Amino acid sequence: MNRNRRDRNPKAEGGETVPSEKDQDLLRFVRLVASAMDAGNPFTHGRAYRCSKQARLLGMKCGLDAPALLDLEYAGLLQDLGKRIVLHGMVQKAGPLEDHERDRMATHTSINAQLLAEIPFLAGAARVIGASNERFDGTGRPDALAGEAIPLASRVLTIVSALDAMTSDRPYREGLTAAEAFAELRREAGSRFDPKLVETIIQLHQSGELSAEFDPRDAVLYRYADGEDASSRDAA
């Protein structure tokens, strides 16, 4: 029966390695946990789902192998866990963070990585998250890594997470339009972001590929590429 399920997967026919049944079950469980984590905040609802799917697609375009893609998908789902556990209160603050709050917030990736590293099947995701606050110019945290010394999966997660944050509403501001977000990504290419990944993710977004693998049954968890809210489209 498991073999038949895999045979029906068109990606399996295209040569992509299909996760084991156990990996698929674990992934479903982590998606459920991440969805519950997002549900209480209208400003981040669906963020974990969007980031995990977009990170996986960008990672595929960059040539990451199947185990690395699975780690990246887990990392996209759980990247904000540290904020929820340790920094609750600042996440929904109705205004920009103060400097001391920003410094504290910047530690959430290290805290998150430490927590997830204790769970064997999430150890790879922990490493991805742990380096996701590094900057391409070497001025990031926690190790001031620069350029390609930053793991590729972490560079992918950094840009996917930033794009989602830029285009999402916050209590103190409206989200940027896609064009405004692309301009911001390009402005920080080479300093905060990998320049090659900036152009790749913009191309994927403009082509519609960035949302192509989203499951329509999960439409409430993501925005369409043209910015239209999924619920309004469903009601049309």
Greater than 22 Å apart at Cα, pairs in LYS61/LYS83; LYS83/LYS196; LYS22/LYS83; LYS61/LYS196: LYS61/LYS83; LYS83/LYS196; LYS22/LYS83
Two-site FRET efficiency, HIS45 against THR200, from Cβ-Cβ distance with R₀ of 25 Å, rounded to 0.05: 0.40
Additional length obtainable on full extension of the chain from ALA117 to ASP65, 0.36 nm per residue less Cα span: 16.7 nm
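Read-outs: derived from the displayed coordinates by stated rules, not from any lab. Owing to the predicted nature of the structure, the values given are computational and were not obtained by experimental measurement. Please note: Cβ atoms are built from the backbone with ideal geometry, for glycine as well, and neighbour counts cover all protein chains shown.
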